[in-house]
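The structure appears right after this line, and notes come after that.
The values are calculated or read from the model by the stated rules, or taken from the named source; none is laboratory data. Bear in mind the structure is a predicted one, so any value in this text is a computation, not a measurement. Neighbour counts are summed over all protein chains in view; Cβ atoms, including those assigned to glycine, are modelled from backbone coordinates with ideal geometry.
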Amino acid sequence: MIILGIETSCDETAVAILKISRNNSEILSNFIFSQIKIHCPFGGVVPKIAGREHLKKIIPLLNKALQKSKVKPKDIDLIAVTRGPGLAPSLFIGMSVAKTLSYVWQKPIVGVNHIEAHIFANLLPQIGKSYKLQVTSYKRMFPAIGLIVSGGHTQLILARDFLKYKLLGETLDDAGGECFDKTARILGLGYPGGPAIAAEAAKLKAGSRKLKAGLPSPMINSKNFDFSFSGLKTAVLYDFKKRSSKERKSKKYIQEMSWEIQQAIIDVLISKTIKAAEKYQVKTILLGGGVIANKELRKQFRAKIRKEKSNYELRIPSLKFCGDNAAMIALLGFYYFKSGKIDHWENLKIKPDLRLV
Ligand code: KG4
Ligand code: ZN
């Protein structure tokens, strides 16, 4: 089965083509155009500009994907497109293109949930490798705890099975990635803040990692599974204002603060996720979202699971599939289709505030 995936929920225009068969599934093409540089001067994603840029890029990317895959429109069996959650002007573009293709090519279409797709990104292979993807392969993952952390979301999800989700907790204010972005801005680092902070933190030698500012890991000890990151951002701002202008600009201060911010975020994410995995006795922990590309987070998460000698398995998508991509949309579309969940282009609508549960 050949599936065309389209993703335009935020600031990445993405098109992918997946071939799924019993013994030899493959990502035939996977193209992502990131608008990061365009939004950079504004310090965050500007929805109207995002929509305009998706419109510019989507057809060229679609063409590239078809060419690279050596797939003709007649070979496509299903179109999968992100319905939400996301920015309305962004979602509109992908949805309009997908619906038009469904109508003109006379192909089935399915609208998928972006957050759920991040969970399914754990089933994608390394690029360029063929992999065996049984229709039922997702069953081995469940029950699972999903932790999705991106620029727009921070959610802890209990997935008892495919389509059986419960939102255990989410951020009450800023998302994890947003916290990286906002604190990076305070420190005068570029956008997106996550990679910038990670790079500064990595420069700090292990011996000089002293907790200087004593930043909080908000809600780390709270009984529920909600998160809050705005307190951390405020603490960074206070500490920054306290320093002399010379110190604020010093390499040492920037590196130390970056390390502390990153560590505070890592601590709270790991702690809550493990608590949830233990409480619900799951089989796997599934990570997803742009922040999961953080190397230190991946390393510490793996080390912690090893140390706990837990019964559950930790799955982390390859770097390429942590952030927004269309391969995960195509894959989830496949599972929807197989379970009989199918839409019709006439009725399919975007849903910017789409929830899992
Ligand atoms: O999933 P994503 O690509 O887009 C959405 O927000 O939907 O996530 C982007 C977020 C940004 O906030 C960015 O700062 C963060 O992920 N991010 C990182 C890293 N790479 C991206 N945060 C920490 N460490 C990273 N290496
Ligand atoms: Zn995302």
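Going through 293, 276 one at a time, which residue ends up being out of contact with any Cys (no Cβ under 7 Å at 6 or more places or on another chain) and in the same structural domain as residue 219 (by TED's automatic domain parsing)? One residue alone meets the criteria, 276.
I need the full set of residues from segment 92-109 which are outside any helix (DSSP H, G or I) and surrounded by 24 or more Cβ atoms within 10 Å (Cβ to Cβ), in order please. Of everything in segment 92-109, just one residue is outside any helix (DSSP H, G or I) and surrounded by 24 or more Cβ atoms within 10 Å (Cβ to Cβ), namely 109. In segment 336-346, is there at least one residue being in contact with a His (Cβ under 7 Å, 6 or more places away or on another chain) and within 26 Å of residue 96 (Cβ to Cβ)? Taking every residue of segment 336-346 in turn, none turns out to be in contact with a His (Cβ under 7 Å, 6 or more places away or on another chain) and within 26 Å of residue 96 (Cβ to Cβ).
What do you reckon, is residue 305 in the same structural domain as residue 189 (by TED's automatic domain parsing), among the hydrophobic types (A, V, I, L, M, F, W, C) and in a strand (DSSP E or B)? Criteria not met by residue 305.
The test for being in the same structural domain as residue 328 (by TED's automatic domain parsing), in a helix (DSSP H, G or I) and under 21 Å from residue 320 (Cβ atoms) holds for residue 64. When each of 246, 233 is tested for being free of Cβ contacts under 8 Å to residues at least 60 places away in the same chain, assigned to a helix (DSSP H, G or I), assigned by TED's automatic domain parsing to the domain that holds residue 153 and more than 24 Å from the chain's Cα centre (by Cα), the lone residue that passes is 246. In segment 272-294, the residues that are within 16 Å of ligand 1 (Cβ to nearest atom) reach residues that are among the polar types (S, T, N, Q) with C-beta atoms within less than 6 angstrom, at least six apart or across chains, in these pairs: 286/122; 289/150; 290/150.
Taken over segment 24-50, the criterion of being under 21 Å from residue 80 (Cα atoms) and in contact with an Asp or Glu (Cβ under 6 Å, 6 or more places away or on another chain) is satisfied by 32, 34, 50. Restricting the search to segment 156-178, which residues are surrounded by 17 or more Cβ atoms within 10 Å (Cβ to Cβ), closer than 21 Å to residue 239 by Cα and more than 8 Å from ligand 1 (Cβ to nearest atom)? Scanning segment 156-178 gives a single hit, 174.
Of the set (1) surrounded by fewer than 22 Cβ atoms within 10 Å (Cβ to Cβ); (2) without any contact (Cβ under 8 Å) to a residue 40 or more places away in the chain; (3) not charged (D, E, K, R), all apply to residue 297 but (1). Residues that are hydrophobic (A, V, I, L, M, F, W, C), over 16 Å from the mean Cα position of the chain (by Cα), under 29 Å from residue 199 (Cα atoms) and buried (at least 23 other Cβ atoms within 10 Å of the Cβ) within segment 266-290 comprise just one, 268.
Just one of (1) modelled with pLDDT under 95; (2) in a helix (DSSP H, G or I); (3) among the hydroxyl-bearing types (Ser, Thr, Tyr) fails for residue 310. It is (2). Condition (residue is away from ligand 2 (no atom under 14 Å from the Cβ), outside the structural domain of residue 120 (by TED's automatic domain parsing) and modelled with pLDDT of 95 or more) applied to segment 146-154: is it met by at least one residue? No; the residues of segment 146-154 include none that is away from ligand 2 (no atom under 14 Å from the Cβ), outside the structural domain of residue 120 (by TED's automatic domain parsing) and modelled with pLDDT of 95 or more. Scanning for something within 25 Å of residue 181 (Cα to Cα), of a type outside the set (A, V, I, L, M, F, W, C) and in contact with a strand residue (DSSP E or B) (Cβ under 6 Å, 6 or more places away or on another chain), does segment 32-41 turn up at least one residue? There is at least one residue in segment 32-41 that is within 25 Å of residue 181 (Cα to Cα), of a type outside the set (A, V, I, L, M, F, W, C) and in contact with a strand residue (DSSP E or B) (Cβ under 6 Å, 6 or more places away or on another chain).
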